[in-house]
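Since every read-out is calculated from the coordinates, none of them should be taken as a lab result. Keep in mind it's a predicted model, so treat the numbers as computed, not measured. Using ideal geometry, Cβ is built from the backbone for each residue, glycine included, and neighbour counts are taken over all protein chains shown.
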Amino acid sequence: MKLNPDDYFSRQRRIARNRLASRCRGKPPSSRTKTKGRGTRPEPLIAPKVIGLYNKNIQAELVVFLRNLRKACTRRSSVTISFAQTEKVNSCGTLLMLAEIDRITRSLRGRCRLKCGYPKDETVEKVFQQIGLFDILEKRHRLQVTDEDTTVAKWRYASDVSVNQVSADALMKIIQAQLPAGYKKLVTGVGEAMDNAVHHAYLRPRGDRLSGSASADERRWWVFAEVLDGWLHVAFCDLGLGIPVTLPEKWAEQIEDIVKLTMLSEGKKDRNMIRRSLELGRTRTEQDHRGKGMRRNILKAAQDLGGRLSVYSNMGAVGIDFSTTPPTYKDGAYTESILGTVIQWAIPVKEMQDLEDEHDNHSNR
């Protein structure tokens, strides 16, 4: 039944009086009443329990977190990350997260302040101090990192926007006392990854929420290095288009068969593209001074030093372990894209005496 105008307005006044009376008595307002006001603070974004890329679930949690972080930072003037639940950090996932946070702070400086809380896990907090994440977020260091912190003390970090092997070489020399003979091959591999990032990975803007500014679209790369449990780990990251996107533009004839496999999922296509990139060896421009392809330097560095190589790009992953005979292969097809490329070399570290003996043998030849 339709109310006449007098009855309608009387009813609205009665509802308003009752609502005001309820508030005065301390009762909560109706569930239909909006409560958001000036004093309301957005909830912090919760970082994953494990920050890594090494399996589908862990990778997906990190990618979704980073996507939500970019979204929040473009919509708010202040965003806080909570690391309270983070208990474990893997070098590849941590490097990707640091790269994304660094890009956000550079792109949105003056428009969004990105902050974080301290992790509950002391080791995680020390890692964030050591790799410079707290410096990017302007977070005070409150713990001391000593040589006894074996899982933390030897983490090192560098970032740049140019092809500068000096940066990689300097990073390695910091921990040179524990490097295996022939580590220059690894520096060459890192330099090749830098070249790919600067000349190929950023052919076009990334196309995410941050794209459009010079800071967001600059051709930047990030590198980690650490010595842990007898292994030297070097991880490289760029936030470009990814191998599965750039490979067809550089090697159209060689990957035509993969492109035609329309029944494959995006993750499997990306995985196959990474595999193929490791098999190709000539340059894009046929110029000797320009990149030699992933097989020539990036793969060879791990192969010659008896190490392991892991490549993550967009929705695919490929790993090769050269410490076994024959080499063992692992790969993955994910459902979420990291929107970039992460490459990790793991090289067994020889004892100092072995290095000295090897040096003496070369000197006597």
| remark: Over 25 Å (Cα to Cα) among K185/K330; K71/K115; K139/K185; K269/K330; K139/K184; K88/K268 -> K139/K185; K139/K184; K88/K268
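Would you tally the net charge around V161, using a Cβ to Cβ cut-off of less than 14 Å, leaving V161 out, and scoring K and R as +1, D and E as -1?
-2
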| Gain in length, K49 to N68, computed as 0.36 nm per residue apart minus the alpha-carbon separation, to one decimal in nm? | 5.3 nm
| message | If neighbour count is taken as other Cβ atoms inside 10 Å, put V318, V145 in order from fewest to most. | response | V145, V318
| Roughly how many nanometres apart are two label points built 7 Å out from the Cα toward the Cβ at E218 and L203? | 2.4 nm
| field | Protection proxy ranking of 214-220, 102-108 - average other beta-carbon atoms within 10 Å, highest first | value | 102-108, 214-220
| query | What order do you get for V64, V127, V311 when you list them from fewest to most C-beta neighbours inside 10 Å? | reply | V64, V127, V311
| field | Cα centroid of segment 124-140 to Cα centroid of segment 65-109, whole Å | value | 13 Å
